[in-house]
Amino acid sequence: MRIALASDHAGFIFRRAISFELGSQGHAIEDFGCPSEDAADLVDFVAPAAEALGKGRFDFGIFIDGAGYGPGMIANFFHGVFAAVANDPVAARLAREHGGANALCLGTKVAGELVLRETVKAFLAAEPLPGKYQERREKVRAVAERQRVGPMFRKRAVVTVDDLKEAVLQRQPLIIDRDTVVTPSVLEAVRSLRP
């Protein structure tokens, strides 16, 4: 499996340990940092890792801080990332089986190293369940698609000179709203119609 790892200073030691362990098991690991136990901003490391996960460069992400909630909030902003905070093996397994999570967010201040290791193992071993869980995951993804498309990414209609001619010839209204882009040639044609 291809796995992206990232943490802040609170997750530094565990991230290094799990990186070594997963690498020795044959997984392809990319460690996005942080570089040491010195104070570091979580977003600087989790954001690039989550973005790469969302773009398909990795199968999974494991993001670590003191509680797990920070990386979860950051990672879930990225298209294609479904991050779950799970600080025990049962929650991690269910996050994969029921929710189809592709990112696991852990907190080193919430659970000890042994529990976190078992949590990672349970997450990576689990498979999404079929049936009603698949239907639920599809609904969640549909909501994510609608909500993650902001106003500046909204699809826009473009009105061309051909559209204008068609509307005039067929005596049909040409509806232009705030999401419509009008080409310069249309503006010029409309201006030339004015007396």
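The values are calculated or read from the model by the stated rules, or taken from the named source; none is laboratory data. These numbers come from a predicted model, not from an experiment. Note: ideal-geometry Cβ built from the backbone for every residue, glycine included; neighbour counts use all protein chains shown. With ligands, DNA and RNA removed, areas are computed over all heavy atoms of the protein, side chains included. Shrake-Rupley method; radii C 1.70, N 1.55, O 1.52, S 1.80 Å.
With a requirement of 3 or more residues that are of a type in the set (A, V, I, L, M) and at pLDDT below 75, the strands (runs of 3 or more DSSP E) lying completely within segment 97-195 that satisfy it span 157-159.
Listed by first and then second residue, the pairs with beta-carbon distance under 7 Å, at least 6 apart or on different chains, first residue in segment 17-35 and in contact (Cβ under 8 Å) with a residue 12 or more places away in the chain, second part of a loop (DSSP other than H, G, I, E, B) and aliphatic (A, V, I, L, M), are His27/Met1; Cys34/Ala40.
Filter segment 52-77 down to the residues that are of a type in the set (A, V, I, L, M) and either assigned to a helix (DSSP H, G or I) or open to solvent by 40 Å² or more (accessible area, probe 1.4 Å) (or both) and list them by number.
Step one: list which residues in segment 52-77 are of a type in the set (A, V, I, L, M), which gives 52-53, 62, 64, 67, 73-75.
Within segment 52-77, Ala52, Leu53, Met73, Ile74, Ala75 meet the criteria.
Considering segment 83-119, the residues that are crowded, with 18+ Cβ neighbours inside 10 Å and of a type in the set (Val, Ile, Thr) include one that is farthest from Val140 (Cα to Cα), namely Thr108.
Take Gly80 and tell me if it is assigned to a loop (DSSP other than H, G, I, E, B), under 17 Å from Arg141 (Cβ atoms) and modelled with pLDDT under 95. So Gly80 passes the test.
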